[in-house]
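Below: the structure, in structure tokens.
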Amino acid sequence: MVRVRFAPSPTGMFHVGGARSALYNWAVARQSGGTFVLRIEDTDTARNRPEWTQGIIDALAAIGISTADPAFEGPYFQSDNVERHRKAALQLYAAGRAYYCDCTREQLTERTGSEHLGYDGFCRERGLEFAEGRALRFRTPDEGETVVEDLVRGKPIFPNSAIEDFVIARGDGSPVFLLANVVDDLDEGITQVIRGEEHLSNTPKQQLLWGALGARPPVWAHLPVIVNEKRQKLSKRRDKVALEDYLGDGFLPEAMVNYLMLLGWGPGDDREIMPYKEMERLFRIEDVNTSPAFFDVKKLTAFNGEYIRALSAEAFIAACAPWLTEPYAPWGAGAFDAGVFATVAPLAQTRLTLLSEITSYVDFLFLDEPVFDEASWAKAMKPGSSELLRNVRTAYASAIWQPDELKSALTTVGESHGLKLGKAQAPVRVAVTGRTVGLPLFESLELLGRDRTLARLDAALLRISQNQTSS
Ligand code: GLU
């Protein structure tokens, strides 16, 4: 039976790299009828916060990994098992596989002549017993090699002589992460450990612990590091890394899932946009590649646009909801009209790449006055715009209020100014919506209605004349 696990530490927002690890584990569990164990590694009490645990569960749910799914088991908490970790440490001591050590870092540095060399084995044969302040070290074999069977990396070989006698319990008796992580995997019956590459260097040590505890180690799979456009490892100080932030900016969970699945894996053909179910069926951990995976926000954004366009009209309206109300929406409570929005939504749906952009497409409908954007104004209002707007205003005062009529009226006015429709539209669009880009103009005007359109044209004319007098 396949049993995989996802073992995050609750120290902050949910990293997209963690999301990828979780998804790969999930795919492996689900495609094999196996189990996905969630284990919260919360023993670092200085850095852990309980609220981050809920954040992890919520983030997993957002990408389709639900606690309600039969494949899901847990969450377990590492902190509940500390006694078990202590016992394992003592078991290794009793079996002669570990020894107490009272060396200080300074002493070690003095002996080896460097701060960076591993432990030199000074206490190996001293036969020290436990006393406060003495660390427990694992006695690594001097000979032979540890071969890590890794489904992604092949079979990296680590000569045992190069693996130092590492600490498994601190001077206060508390077990270290390396051991706790192994003991939990062992107790939870984990068969495959799929995790980020940063843990690869720990793996030979962990594999030795598995053996010393009398168990057969799991199969490992270390996923390639995720890098930014400068090929630097994605870091929360430098890059946007929190899944919550992406969702908050209007990336659809389905687009995130699709994109994250492709960070180091592909289905083997040219397809990229694919429903999760299909990827779950095709995913093979052996096909994950070793080279760093570039987290390309532009590509993710393009994916998101595709996912937005693929939504049904109702689903699109529902997905926009968080951006249409306070505190996000720039209009006051009560100004929003769901009927008007439903009419305009299909026009916006084909244009958005992020859901959060929706407000800037539709705010002209719900604000008393359009936003004023200096750059748009400067771009659209050329010499002669004032006369053009005046003539449009005259035509629109009596035009039939219907897109084709509004278009033909503007075409006629534009021609009289020697302007093609595109050029003639620009000042009208900025006067009415505040921006140079937006929804199709004539449909927008139809929805806005004659009175508000004329009032905005008047306001723009006034602004132009005021600018002229002041300059
Ligand atoms: N708690 C570790 C981390 O968040 C996970 C270690 C593992 O997956 O084995 O990096």
### Message
Using the Cα centre of the stretch 58-202 as origin and beta-carbon charges of +1 (Lys, Arg) and -1 (Asp, Glu), tell me which of A62, V176, G196 is placed farthest towards the positive end of the dipole.
### Response
V176
### Task
Can you grab the distance from the C-alpha centre of the stretch 275-337 to the C-alpha centre of the stretch 136-161, Å, no decimals?
42 Å
### Message
Suppose we look only past 19 Å in the calculated P(r) of the stretch 42-102. What percent of the Cα-Cα pairs does that tail hold?
### Response
54 percent
### For the stretch 233-302, size of Cβ-based charge dipole, Lys and Arg +1, Asp and Glu -1, in debye
340 debye
### Message
Under 5 Å between amide hydrogens, which residues at least 5 positions from V193 or on another chain qualify, with H placed 1.01 Å from N in the peptide plane?
### Response
V219, W220, A221
### Message
Let's see if you can work this out: charge +1 on each Lys and Arg Cβ, -1 on each Asp and Glu Cβ, no other charges. What is the dipole magnitude of the stretch 295-383 about its Cα centre, in debye to the nearest 20?
### Response
440 debye
### Message
Among L186, A215, V147, which residue has its Cα furthest toward the positive end of the charge dipole of the chain, with +1 on Lys/Arg Cβ and -1 on Asp/Glu Cβ?
### Response
V147
### Query
So for the stretch 15-69, Kirkwood radius off the Cα pairs, Stokes-Einstein at 4 °C and 1.567 mPa s: how many µm² s⁻¹?
107 µm²/s
### Task
Place the peptides 84-90, 401-407, 356-362 in order of packing, highest mean first, counting for every residue the other Cβ atoms within 10 Å and averaging per peptide.
356-362, 84-90, 401-407
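Would you work out if the chain is rounded, prolate or oblate? Take a ≥ b ≥ c from the square roots of the eigenvalues of the alpha-carbon gyration tensor; rounded if a/c is under 1.5, else prolate when a/b is larger than b/c, oblate otherwise. Please report the intermediate quantities before stating the final value.
Values: a/c = 3.30, a/b = 2.81, b/c = 1.18.
In terms of gyration-tensor shape, prolate.
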### Query
Quick one: Cα centre-to-centre distance for the stretch 410-457 and the stretch 176-196, in angstrom?
64 Å
### Query
Based on the alpha carbon coordinates of the stretch 115-233, what radius of gyration and maximum Cα-Cα distance (Dmax) apply, in Å?
15.9, 53
## Note on the structure
Kirkwood Rh for the stretch 279-318 from C-alpha pairs, in Å, is 12.9 Å
### Query
Using unit Cβ charges (K, R positive; D, E negative) and no other charged atoms, how large, in debye to the nearest 20, is the dipole of the stretch 1-70 about its Cα centre?
220 debye
#### Entry: Exposure proxy order (Cβ contacts within 10 Å, fewest to most) of M1, M261
M1, M261
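With a ≥ b ≥ c taken as the square roots of the eigenvalues of the C-alpha gyration tensor of the stretch 367-417, please select rounded if a/c is under 1.5 and otherwise prolate if a/b is larger than b/c or oblate if it is not?
Oblate shape, in that a/c is at least 1.5 and b/c is the bigger or equal ratio.
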### Query
Of the listed peptides 192-200, 105-113, 363-371, 35-43, what is their order by residue-averaged count of other C-beta atoms within 10 Å, with the highest listed first?
35-43, 192-200, 363-371, 105-113
### Task
Using the 4.7 Å Cβ rule, please list in number order the cysteines from the chain without any candidate partner.
C103, C320
### Query
Between T436, T325, S161, whose Cα lies farthest towards the positive end of the dipole of the chain when Lys and Arg beta carbons carry +1 and Asp and Glu beta carbons carry -1, centred on the Cα centre?
T436
### Query
Counting every Cα pair in the stretch 407-471, what percent are over 14 Å apart?
61 percent
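Read the figures in this text as sums done on the coordinates, not as results from a lab. Bear in mind the structure is a predicted one, so any value in this text is a computation, not a measurement. With ideal geometry, Cβ positions are generated from the backbone for all residues, glycine too; neighbour counts draw on all protein chains shown.
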